[in-house]
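Student: Before I ask anything, here is the structure I am working with.
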Amino acid sequence: MAISVEEIKKLKELTGLGLTDAKKALVEAEGNFDKALTALRKKGLTKAEKKGEREAREGLVDSYIHGGRIGVIVEVNCETDFVARTEDFKQFTHQVAMQIAAMNPIYATEADIPAEELERVKAEAEERVTKENKPAEIAAKIVDGQVKKYFSEKVLLSQTYIMDDSKTI
């Protein structure tokens, strides 16, 4: 069974693997590109699950005071002290503190929003749309848009990044 260099390169580009690993995956899948990709995804999910179970015991605490009036203390954890000591990690931690001071998020993630709060936001959006007599399809899209807007204002991980507005946190 001959595996073409093009397929190896394609798998490498798609997955970010090295050439050797991409070739090995194709050999294990008997040259079937889709089979190799599926197997790699399963392995990747397994690795991600294992990493997700590890405890992040290291990290940094950073503070930021804006204009002498708004103060933020933030803790960002990582798995190793090596990472915590890098300049990039220190800068990231400080920028998270600045983001919180500037944007005043109430929740860290969308999952942190209580169900009652989410229902209240949806109900208010639906009430506004009902008054406008929009068709059901359009009304649903408007409600979804207003809920997403709420997330972008109140949820840290959904906010526009203050250092680069083309990104979210």
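The values are calculated or read from the model by the stated rules, or taken from the named source; none is laboratory data. Source: prediction; values computed, not measured. Glycine gets a Cβ as well: all are built from the backbone with ideal geometry, and neighbour counts include every protein chain shown.
Student: Can you tell which of Thr38, Thr109, Thr15, Thr93 is hydroxyl-bearing (Ser, Thr, Tyr) and out of contact with any Leu (no Cβ under 7 Å at 6 or more places or on another chain)?
Tutor: Exactly one residue qualifies, and that residue is Thr38.
Student: Could you identify the single residue in Lys149, Lys122, Lys141, Lys131 that is surrounded by 15 or more Cβ atoms within 10 Å (Cβ to Cβ), not assigned by TED's automatic domain parsing to the domain that holds Val72 and not hydrophobic (A, V, I, L, M, F, W, C)?
Tutor: Exactly one of Lys149, Lys122, Lys141, Lys131 is surrounded by 15 or more Cβ atoms within 10 Å (Cβ to Cβ), not assigned by TED's automatic domain parsing to the domain that holds Val72 and not hydrophobic (A, V, I, L, M, F, W, C), namely Lys122.
Student: Specify the residue that is nearest to Gln99 (Cα to Cα); the eligible residues are those in the range 70-87 that are assigned to a loop (DSSP other than H, G, I, E, B) and under 22 Å from the mean Cα position of the chain (by Cα).
Tutor: Per the criteria, the residue is Thr86.
Student: Has the range 48-60 got any residue that is part of a helix (DSSP H, G or I), within 27 Å of Gly16 (Cα to Cα), small (Gly, Ala, Ser) and at pLDDT below 85?
Tutor: Yes, the range 48-60 has at least one match.
Student: Still on this structure, please answer the following. Restrict the check to the range 28-46 and report whether at least one residue is among the polar types (S, T, N, Q), in a helix (DSSP H, G or I) and touching a helix residue (DSSP H, G or I) at 6+ places or on another chain (Cβ under 7 Å).
Tutor: For the range 28-46, residues among the polar types (S, T, N, Q), in a helix (DSSP H, G or I) and touching a helix residue (DSSP H, G or I) at 6+ places or on another chain (Cβ under 7 Å): absent.
Student: Quickly run through the range 111-169 and pick out the residues that are closer than 29 Å to Thr93 by Cα and in contact with a Phe, Trp or Tyr (Cβ under 8 Å, 6 or more places away or on another chain).
Tutor: Within the range 111-169, Ile113, Lys154, Val155, Leu156, Ser158, Lys167, Thr168, Ile169 qualify.
Student: Here's something else I'd like to know. Out of the residues in the range 15-40 that are exposed (fewer than 15 other Cβ atoms within 10 Å of the Cβ) and modelled with pLDDT under 80, which is nearest to Glu79 (Cα to Cα)?
Tutor: Taking the candidates together, the pick is Gly16.
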